[in-house]
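One structure is given below, encoded as structure tokens.
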Amino acid sequence: MRQITEQAVKAFYNREDFKKDNTEIVNTNGQTAFRLFGNTIAILNPDNKLLITDAGWQSKTTKERLNALDGVSITVKNFKWYLNKERWDGEWIEIKQ
């Protein structure tokens, strides 16, 4: 895992603002957003519900950032993404913790 990913994930779960290169963690009204290239790819709600999306970008970087989150395991087979072994279209989904 890249150092920037480790730092961002730590900030995300600690609900701390963070910005480095193409990755940003922003806190607003108790909600924490994980952004990549300005696109929100994960949200941690005030009640600690984790929601993720690929934001329309099924890239190696998006996959790497999301895979660093608790309960997320994204794999690729035949150019299709699988989230926790289930075919995933990249739309918003809640990750059960």
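Summary table
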| read-out | value |
| --- | --- |
| Some residue of segment 22-34 being surrounded by fewer than 17 Cβ atoms within 10 Å (Cβ to Cβ), over 20 Å from Arg87 (Cβ atoms) and touching a Gly at 6+ places or on another chain (Cβ under 9 Å) | yes |
| Residue among Trp88, Trp92 that is farther than 22 Å from Gln3 by Cα, surrounded by 15 or more Cβ atoms within 10 Å (Cβ to Cβ) and touching a strand residue (DSSP E or B) at 6+ places or on another chain (Cβ under 6 Å) | Trp88 |
| Subset of segment 2-46 that is under 12 Å from Thr61 (Cβ atoms) and aliphatic (A, V, I, L, M) - its residue that is farthest from the chain's Cα centre (by Cα) | Ile4 |
| Identity of the residue in segment 33-57, in contact with a Phe, Trp or Tyr (Cβ under 6 Å, 6 or more places away or on another chain) and in a strand (DSSP E or B), that ends up farthest from Trp88 (Cα to Cα) | Phe34 |
| Residues within segment 58-84 that are in a loop (DSSP other than H, G, I, E, B), on the phi < 0 side of the Ramachandran plot and not β-branched (Val, Ile, Thr), tallied | 6 |
| Tally, over segment 12-29, of residues that are farther than 17 Å from Ile52 by Cα and in a loop (DSSP other than H, G, I, E, B) | 5 |
| Any hit, segment 56-66, residues being among the basic types (Lys, Arg) and loosely packed, with under 14 Cβ neighbours inside 10 Å | yes |
| Pairs, first farther than 15 Å from Glu64 by Cβ in segment 25-41, second in a loop (DSSP other than H, G, I, E, B) and aliphatic (A, V, I, L, M), C-beta under 9 Å, six or more apart | Thr40/Ala55 |
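Laboratory data are not the source of any read-out in this text; all were calculated from the coordinates shown. Just so you know, these numbers come straight off a predicted model, no measurement behind them. Reconstructed Cβ throughout: ideal geometry from the backbone, glycine too, with neighbour counts over all protein chains shown.
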